[in-house]
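The structure appears below as structure tokens.
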Amino acid sequence: MKWRIAIAAALLILFGFDDAQGVSLEAKRPLADRATSEDFYKEIELFEHAMSLVRSDYVEEPKAKQLIYGAIKGMLETLDPYSQFLDPDSYNELKVDTEGEFGGLGIEITLRDDLLTVISPIDDTPAYQAGIIAGDRIVKIDGQITRGITLLDAVKKLRGKPGTTVALTILREKGNELKEITLQRAIIKIQSIREAKILADTIGYVRVSDFREHTPKDLQDALTHLKEGGVDSLILDLRNNPGGLLDVSRAVAEFFLARNQLVVTTKGRLRQQNLELRCRSDGMVKDLPMVVLINEGSASASEIVAGALQDQHRAVVLGTKSHGKASVQTIFPLEDGSALRLTTSKYFTPSGRSIHGEGIRPDVEVPLEGSGGSEASGGKDKDKDKADTAFERVESPEDKTANPPLPPAMDNQMSRAVDLLKGIKVYQQNQKKL
């Protein structure tokens with residue numbers, strides 16, 4: 001009887017009952033809304049009946065919390081792949097994840113066509129070093145088929161104590177081949193700024209791997225070093241960047257745009273979910289010629305930045321079409337330490353484009369050719385140590401006028417970006433002479 005009273009109380013809270021007035025808020029709603037609510041009450045009776053049968057006739061007496069958690073989890077799974085119920089342990093893991101360190105393999109995953117799909121590997125992690133790339137389908141985890149698995153359950157299976165192993169069966173659709181890979185879990189430390197260096201012709205290069213709380217500060221430091229090195233143009237590499245926090249995407253875009261320029265709009269069912277996020281100040285490199293690199297591993301917040309710079313005619317977007325995740329999830333903590341991760345709105349680029357399922361289409365489409373040690377392809381860069389020394393040169397005052405040569409690991413997308421910026425700079429110089 002107690003659990004029936006609890007369900008009834010929850011329904012009163014959910015649908016509204018004004019104690020002070022002594023009347024149901026249903027009476028104040030439009031007829032169409034009331035009809036919808038009446039239909040919902042009928043379905044709740046079905047749920048109550050099912051719950052009663054489980055509690056009375058199941059072979060063993062079930063725990064109340066187990067039933068409630070299962071019901072909430074199942075409810076959210078019917079909505080979309082990104083809405084999830086987080087038990088207390090999972091919610092704590094999520095908070096640790098946004099702080100930038102956890103134990104696992106180092107891959108960002110999603111559900112696509114009901115299959116567990118890699119959005120992108122994280123640099124210098126077990127998954128990255130094993131050659132896992134964006135678009136790979138994980139069909140088995142430790143021999144168990146993943147079809148029908150939830151994202152939350154998949155994360156639980158992939159993460160674990162550092163040093164333990166997990167076996168993955170990977171389907172790579174381009175070759176239609178199955179690969180068996182055994183990976184050893186490790187501490188995954190996320191560094192948002194993977195590279196910041198000067199290329200030929202004083203072209204700056206910054207690679208942002210994701211969008212976390214510390215990303216804006218790290219990016220500011222990197223751009224400061226590049227400016228001190230005398231860069232006069234910039235490549236922003238967002239390839240294999242799975243995204244992250246919405247407000248961080250605005251903070252990142254602010255470095256490249258002018259005050260009050262629109263970055264992104266969000267639209268949901270509630271008025272407070274309809275937002276316009278604009279730049280709060282002039283960006284520190286808002287006038288430099290710029291190319292943004294994207295690929296199918298660029299998702300969510302990285303698509304916001306690429307879309308904003310493209311729509312504001314601030315940068316040329318180069319590469320291949322991005323992933324196409326344009327929904328915003330909000331975390332709602334619950335009283336027992338669990339939480340709901342609920343899709344509350346969709347976002348749109350400054351011109352009003354919805355890219356959900358479509359992705360950002362580059363201004364200049366350049367497929368990646370071969371692996372060539374390119375980090376964007378998921379292969380390990382054999383010349384990484386040599387390339388990274390360029391960043392150290394930027395910090396040295398005596399090298400401010402130096403033009404270091406192109407790094408040996410330059411892939412064809414970066415080469416095209418360099419050529420494009422050289423052409424833009426020549427054009428600008430010719431315009432000044434007119």
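FYI, it's all coordinate maths here, none of it is from the lab. Bear in mind the structure is a predicted one, so any value in this text is a computation, not a measurement. Positions of Cβ are generated from backbone atoms using ideal geometry, with glycine treated the same way; all protein chains shown enter the neighbour counts.
Below are the figures for this structure:
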read-out	value
Cβ-based exposure ranking for Thr110, Thr164, Thr349, in which fewest neighbours within 10 Å come first	Thr164, Thr110, Thr349
Residue-by-residue Karplus 3J(HN,Hα) for segment 81-93, coefficients 6.51, -1.76, 1.60, Hz, glycine and proline x	x, 9, 7, 8, 9, 10, 5, x, 5, 5, 5, 5, 4
Residues with amide H under 5 Å from that of Lys140, placed H, sequence gap 5 or more	Thr146, Thr169
Segment 37-76: equivalent-ellipsoid semi-axes (sqrt of 5 x gyration tensor eigenvalues, Cα, Å)	21, 13, 6
Chain lengthening between Lys267 and Arg147 when straightened (0.36 nm per residue, less Cα-Cα)	40.1 nm
Relative packing of 295-307, 247-259, which averages over residues the other C-beta atoms within 10 Å, highest first	295-307, 247-259
Highest to lowest packing among 266-273, 130-137, scored as the average C-beta count within 10 Å	130-137, 266-273
Built amide H within the under 5 Å cut-off of Leu257, gap 5+	Gly283
Which of Asp237, Asp124, Asp282 has the fewest Cβ neighbours within 10 Å, and the rest in rising order	Asp282, Asp124, Asp237
Distance violations [Cα-Cα > 25 Å] among Lys73/Lys217; Lys157/Lys189; Lys161/Lys346; Lys73/Lys140; Lys157/Lys179	Lys73/Lys217; Lys161/Lys346
At R0 = 51 Å, FRET efficiency that the Cβ-Cβ distance of Lys95 and Glu228 yields, to 0.05	0.90
Ranked His323, His225, His49, His356, criterion: other C-beta atoms within 10 Å, fewest first	His49, His356, His225, His323
Surrounding net charge for Pro333, when Lys and Arg each add one and Asp and Glu each subtract one, Cβ distance under 13 Å	-1
